[in-house]
Amino acid sequence: MKELLGFLAVWSIVLSGLALVTGVVLIKKGNRVAHHRAMLTATSLALLFLVFYLAKWALYGTTAYGGPEAWRGAYYLLLITHTLLAAINGPLALYVIWRAFRGEFILHKRWARVLVPIWLYVAVSGWVIYLVLKRYGVETGTIAF
Ligand code: HEM
């Protein structure tokens, strides 16, 4: 069950990143309706990620890094930037969507251009963290950061 939740969480964030890139390509081609759909799909997948991730965290606690010492600093830098940017990503995405639904496309575009790189960083770093912990993870059995 633990592995399944981790697997579902990482795939939802990766698929949300892919839907996001698709949405950007679609709007560049001028396809507004498909852009709208792709972005709402990306947002739903990101919400699914949150559900799977929180369920895993609540049921099984956190996994600590147990890999080579030389890589510990780099791993924690990745983990901290991933976590902080993931926390910013949620409210910023809601803001960007809200602006679009109000028809305020200048503000929508301005903030969407900040949001898209953050979202992609979160998706890619989430995948890297998953792979690192699959190889070097140590179960702590505690619910802590
Ligand atoms: C988190 C969700 C979303 C993200 C990340 C996002 C991202 C973007 C980006 C990056 C652009 C600018 C592309 C460029 O550089 O030219 C854009 C434009 C646009 N978006 Fe979104 N979008 C989202 C949701 C939506 C939704 C839900 C709608 C419809 C209600 C929408 C409608 C539009 C429209 C109409 C434009 C073109 C505006 C113009 O050229 O004046 N977007 N979006």
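Every read-out reported here was derived from the displayed coordinates using simple, explicitly stated rules and does not represent laboratory data. Small disclaimer: the values here were computed from a predicted structure and weren't measured. Using ideal geometry, Cβ is built from the backbone for each residue, glycine included, and neighbour counts are taken over all protein chains shown.
Compute the label zone of Ala70 within the range 127-141: residues whose backbone N is under 19 Å from the point 7 Å along Cα-to-Cβ.
132-133, 135-137
Please report how many Lys pairs in the chain have alpha carbons closer than 22 angstrom, counting only residues at least 8 apart along the chain or sitting on separate chains.
Within the chain, the lysine pair count is 5.
How much FRET efficiency would the formula 1/(1 + (r/R0)^6) give for Thr62 and Arg102, where r is the Cβ-Cβ distance and R0 is 25 Å, rounded to 0.05?
E(calc), rounded to 0.05, equals 0.05.
Once you have the Cα-Cα distance between Lys109 and Trp11, take 0.36 nm times their residue separation minus that, and quote the gain in nm to one decimal.
32.6 nm
Considering only DSSP states other than H, G, I, E and B, which trypsin sites (Lys or Arg not before Pro) in the range 1-33 qualify as loop sites with at most 12 other Cβ atoms within 10 Å?
Listed in order of number, the matching sites are Lys29.
How far apart, in nanometres, would the label points at Val51 and Ile118 be if each is projected 7 angstrom from Cα along the Cα-to-Cβ direction?
2.4
For the chain, modelled as a GNM with alpha-carbon contacts under 10 angstrom, which of Gly66, Gly23, Gly126 fluctuates the most?
Of the options given, Gly66 has the highest mean-square fluctuation.
If you place +1 on the Cβ of every Lys and Arg, -1 on the Cβ of every Asp and Glu, and leave all else neutral, what size is the dipole of the range 2-139 about its Cα centre, to the nearest 20 Debye?
Dipole size: approximately 600 debye.
Counting each DSSP H run of 4 or more residues in the chain as -39500 (n - 2.57), what helix-only mean residue ellipticity at 222 nm follows after dividing by all residues, to the nearest 500 deg cm²/dmol?
-29500 deg cm²/dmol
Starting from the range 64-117, pick out the trypsin sites (Lys or Arg not before Pro) whose DSSP state is loop and whose Cβ has at most 11 other Cβ atoms within 10 Å.
Sites meeting the loop and neighbour criteria: Arg102.
What full-extension length gain, to one decimal in nm, is calculated for Thr140 and Tyr95 as 0.36 nm per residue of separation minus the Cα-Cα distance?
So the extension gain works out to 12.6 nm.
Can you give the relative contact order of the chain as a percent, counting alpha carbon pairs under 8 Å and 6+ residues apart?
34
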